[in-house]
Amino acid sequence: MRVVLGEDLVLLRDGLIRLLQAYDFDVVEAVDSGPALLKALVDHRPDVAVVDVRLPPTFTDEGLRAAIEARKRVPGLPILVLSQYVEQLYARELLSDRGGAVGYLLKDRVSDVRQFVDAIRRVAAGGTAMDPEVITQLLARGARDQPLATLTPREREVLSLMAEGRSNGAIAGRLFVTEKAVGKHIANIFGKLDLPLSGDDNRRVLAVLAYLDGV
C-alpha cells in the first residue's frame, strides 16, 4: 500500500516511516511543508496519505488545506489527519464532500500501534477513523440539522461509535447490548437518514459522514 506522509518534525517523520515500513506500507514520499505535500499527493496519488495539520511555512493549517485541495484534484483521495490539534472549520470541509476515506486522529491519544495501522488501512479502503475527542469538539458547535435531529439519543450514540470505526460487535460491547440490538439501531439510522440501498459498508460510511457534517 502506497503512502504519502506529511510531517515537519524530523524525529516523528522518521519514526512514522519506520513504523509504516514495518507493517509493509510503501512510503513513496515524506514531505515537511504544505506546498510539498500538495504536490506529492497530486503527483503520486497514493493509496492513503497521513498528514499533520500544521506545516511550514506558517504552521497554521497548511497540511489540512493541502489535503482538501488534493481531494478536489483527486476525488476520493484517502486522507488520514494525524495532529495535535482539532481545526474544526477545515475538518468539517474535509468531511463535507461525503466521499468517505477520511480520518482524524490526535497524536497524543494514539496509544496502540496496531489500532493506528488499522485506522490507516480502514481509511485507505474508503472508511472512516475519527478520534472521539474530534467528534466531541465538532459536537460542541451545537448545530442540529435535519434529519439528524430525528435520531434518538441511543441512535446518536451508536452513530458516534460508528464514526470511530467500531464494528457492530465492538459497539455492542461498549453499550452493553446485543449485536442484534445494534443492528436494529443502525437499520433505523439508515432509514432516518434516507440513505440509498447499497452495500452495508458504504451506507455505514455515508451515515457517519452525514453525522459529522451535521454536528
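The values are calculated or read from the model by the stated rules, or taken from the named source; none is laboratory data. Predicted, not measured: the structure shown is a model, and the values here were computed from it. When we count neighbours, we look across all protein chains shown, and the Cβ atoms used for this are built from the backbone with ideal geometry, even at glycine. For the accessible areas, the whole protein counts, side chains as well, though only heavy atoms, and no ligand, DNA or RNA atoms are used. Shrake-Rupley method; radii C 1.70, N 1.55, O 1.52, S 1.80 Å.
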query = What aspartates and glutamates sit close enough to K72 to cross-link, taking a C-alpha to C-alpha distance under 13 Å and skipping anything fewer than 8 places away on the same chain?
reply = E93, D97
key: Tensor-based shape of segment 11-66 (alpha-carbon gyration tensor, a/c under 1.5 rounded, otherwise prolate or oblate)   = oblate
message = Taking 8 Å as the Cα distance limit and 6 or more residues as the minimum spacing, I'd like the relative contact order of segment 14-141 as a percentage.
response = 20 percent
note = Listed by chain and number, the lysines with an alpha carbon less than 19 angstrom from that of K180, same-chain partners under 8 positions apart left out, are K192
note = The size of the Cβ-based charge dipole (Lys, Arg +1; Asp, Glu -1) of the chain about the Cα centre, to the nearest 20 debye, is 660 debye
ask   = In sequence order, what are the phi-derived ³J(HN,Hα) couplings for segment 32-43 according to the Karplus relation 6.51 cos²θ - 1.76 cosθ + 1.60 with θ = phi - 60°, rounded to whole Hz, with x for glycine and proline?
value = 10, 8, x, x, 5, 5, 4, 4, 5, 5, 6, 5
message = Testing the spin-label approximation: label points 7 Å from Cα along Cα→Cβ at M1 and D26. State their distance in nm.
response = 1.5 nm
task = Taking amide H positions as placed in the peptide plane 1.01 Å from N, state which residues far from A129 in sequence (5 or more) or on other chains have amide H under 5 Å from it.
result = V102, G103, Y104
remark   = Expressed in square angstrom to the nearest 10, the accessible area of T58 with a 1.4 Å probe stands at 80 Å²
query = So what are the ³J(HN,Hα) numbers for segment 115-120, from phi and the Karplus equation (6.51, -1.76, 1.60; θ = phi - 60°), rounded to whole Hz, Gly and Pro as x?
reply = 5, 5, 4, 4, 5, 4
request  = Could you grab the relative contact order for the chain? Cα pairs under 8 Å, six or more apart, rounded to a whole percent.
outcome  = 15 percent
request  = Starting from the Cα gyration tensor of segment 1-110, take the square roots of the eigenvalues, sort them a ≥ b ≥ c, and report rounded, prolate or oblate (rounded when a/c is under 1.5, otherwise prolate if a/b is larger than b/c, else oblate).
outcome  = rounded
ask   = Per-residue accessible area for K39 at 1.4 Å probe radius, Å² rounded to 10?
value = 130 Å²
note = Taking 0.36 nm per residue of separation between F176 and L89 and subtracting their Cα-Cα distance, the length gained on full extension comes to 27.9 nm
note = Descending accessible area (1.4 Å probe), largest on the left, turns R2, R114 into R114, R2
request  = Write down the accessible area per residue of the chain in Å², having rolled a 1.4 Å probe over the full set of protein chains.
outcome  = 47 Å²
ask   = Carbon and sulfur atoms: what percent of the 1.4 Å accessible area of the chain do they account for?
value = 50 percent
key: Centroid-to-centroid separation of segment 92-128 and segment 17-52 [C-alpha atoms, Å]   = 15 Å
